[in-house]
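The values are calculated or read from the model by the stated rules, or taken from the named source; none is laboratory data. None of these values were measured; they are calculated from a predicted model. Ideal geometry is used to build each Cβ from the backbone, glycine not excepted, and the neighbour counts take in all protein chains shown.
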Amino acid sequence: MSAHSEIAATIARLRSTFASGRTRSIEWRMRQLDAIRRMLVDREDEILDALHVDVGKPRLEGWIAEVGFMVKEVDHTIKHLAEWMRPEKVAAPLVLQPARAEIHKEPLGVCLVISPWNYPFQLAMAPLVGALSAGNCVLIKPSEVAPHTSALLARLLPQYLEPDAVAVIEGGVRETTELLEQQFDHIFYTGNGHVGRIVMTAAAKHLTPVVLELGGKSPCIVDKQVDLDVAARRITWGKFYNAGQTCVAPDYVLVHEQVRDAFLDKVRATVREFYGDDPKKSPDYGRIVNERHHKRLSQLLRSGEAVTRVDVDEADRYISPTVLRDVSTDSKAMEDEIFGPILPVLSYREPEEVLRFINDRPKPLALYVFSENESLQSKILANTSSGGVSINHVWLHLGVPDLPFGGVGESGLGAYHGKYSFDTFTHKKGVLRKPLKMDPPIMYPPYDGLKARLLKLLA
């Protein structure tokens, strides 16, 4: 069967399932969520093995950020789903009384999820949980850059979930292009901005709503009023987790000039503390996903003076955790999102410099402020725009299920996690209920003087 025929047949099968109406009940939705929960427990080792082969991901990192994250996401959804599905009552204006106004939640239909390679399990499964909890059918296109995880999803999901409601299409650019020619009721894409624009253009042909989870250069601001030991630990952890291949990793640091050298010393010491004298031998340090990204990152190492040991091994897809100082603002490392284990450190003198620097650039997916000065925290929050913010830590806001996660501007469109995932895949339908027994004549013409005055007063 050709890719075109397979995709068309798969979408037709999903549409038939959705049209049957069976995905709308809370019982069906709960069965799918329970099945995902079982899969996470039953197949934990297989999932972690695939992540290690594809991305060189240490097993504990794989469990925390992918399997464990999804266990919590599923549990949170199961706990609150009945509440989320319930119609919401809202007030109707006096002129419409007697009346009852409600917001009803209905599924969108057949949804497409296009997931990336850096967290290839979690970033396919989290939108899937949201879409199923909202009563939709789902087609997942995993990244071909993580082929073992892609194959695992294609094998496991039909075993645990209703195969006529959830499907996986594997492949590369050809299959993705073919999918984007089809009509879906929602498209959820995670990846880079270039492809995000392609997705949005394709969606526009069918007026399909989209969520775009993109990225950007997430800045990390370090004030002089801060515990540098704690700041260095948290920034080092967040930057070099998954070998820097995290969309919300600190992309660069802006540190106050009075504490720059002390901060660099502490980061250098922290890298050694975390990963030893030779991080290549550390079981807790990852690898670059493939040769192409390894070559791209290797070129960025020339963007400044390294304050940590630089070690590159193309055959092992290894680049050491690298911290750069004296980085020019027009260097390659400061142009595009780094997406790897390279941390440029720049200095500033006044907070206004920081605000100008950040606001002169595209809005980032995340922003981090390390400071004990609450006035400075508030100033930066009020005068910058980003998808999300963590204060005195990095990317932990992702772990709060009641916070939306998403970008703004060039870093993305829309949000998910927890209830925000349910809302993303749900149409909120406004409903007004009126009794037939009461039909006040004030609504109808002719509108004489008294009636007109009353309508103006009540409207």
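Values for this structure:
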{"quantity": "Residue check, Asp42 in contact with a Pro (Cβ under 7 Å, 6 or more places away or on another chain) and more than 26 Å from Leu436 (Cβ to Cβ)", "calculated": "no"}
{"quantity": "Residues being among the small types (Gly, Ala, Ser), under 18 Å from Lys266 (Cβ atoms) and under 26 Å from the mean Cα position of the chain (by Cα) - total across segment 318-370", "calculated": "0"}
{"quantity": "Some residue of segment 374-395 being hydrophobic (A, V, I, L, M, F, W, C), at pLDDT below 95 and at positive phi", "calculated": "yes"}
{"quantity": "Residue in segment 414-422 that is among the small types (Gly, Ala, Ser) and assigned by TED's automatic domain parsing to the domain that holds Ala249 present", "calculated": "no"}
{"quantity": "Subset of segment 203-215 (residues that are modelled with pLDDT of 95 or more, assigned to a loop (DSSP other than H, G, I, E, B) and buried (at least 24 other Cβ atoms within 10 Å of the Cβ))", "calculated": "Leu214"}
{"quantity": "Per-region count, segment 418-459, residues of a type outside the set (Phe, Trp, Tyr), in a loop (DSSP other than H, G, I, E, B) and either free of Cβ contacts under 8 Å to residues at least 12 places away in the same chain or within 30 Å of Pro401 (Cα to Cα) (or both)", "calculated": "8"}
{"quantity": "Yes/no for Asp261 being without any contact (Cβ under 8 Å) to a residue 40 or more places away in the chain and either within 17 Å of Val323 (Cβ to Cβ) or among the hydrophobic types (A, V, I, L, M, F, W, C) (or both)", "calculated": "yes"}
{"quantity": "Of all residues making up segment 283-302, the number that are outside any loop (DSSP other than H, G, I, E, B), charged (D, E, K, R) and modelled with pLDDT of 95 or more", "calculated": "4"}
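Here's the yes/no breakdown for (1) crowded, with 19+ Cβ neighbours inside 10 Å; (2) touching a residue at least 12 places away in the same chain (Cβ under 8 Å); (3) closer than 19 Å to Asn242 by Cα; (4) not acidic (Asp, Glu):
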{"residue": "Val310", "(1), (2), (3), (4)": "no, yes, yes, yes"}
{"residue": "Asp313", "(1), (2), (3), (4)": "no, yes, yes, no"}
{"residue": "Val323", "(1), (2), (3), (4)": "yes, yes, yes, yes"}
{"residue": "Met334", "(1), (2), (3), (4)": "yes, yes, no, yes"}
{"residue": "Glu337", "(1), (2), (3), (4)": "yes, yes, yes, no"}
{"residue": "Ile342", "(1), (2), (3), (4)": "yes, yes, yes, yes"}
{"residue": "Val345", "(1), (2), (3), (4)": "yes, yes, no, yes"}
{"residue": "Arg349", "(1), (2), (3), (4)": "no, yes, no, yes"}
{"residue": "Glu352", "(1), (2), (3), (4)": "no, no, no, no"}
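For every residue, the table says whether it meets (1) basic (Lys, Arg); (2) in the same structural domain as Glu162 (by TED's automatic domain parsing); (3) touching a residue at least 12 places away in the same chain (Cβ under 8 Å).
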{"residue": "Gly21", "(1), (2), (3)": "no, yes, no"}
{"residue": "Ile26", "(1), (2), (3)": "no, yes, yes"}
{"residue": "Asp34", "(1), (2), (3)": "no, yes, yes"}
{"residue": "Arg37", "(1), (2), (3)": "yes, yes, yes"}
{"residue": "Glu44", "(1), (2), (3)": "no, yes, yes"}
{"residue": "Leu48", "(1), (2), (3)": "no, yes, yes"}
{"residue": "Val55", "(1), (2), (3)": "no, yes, yes"}
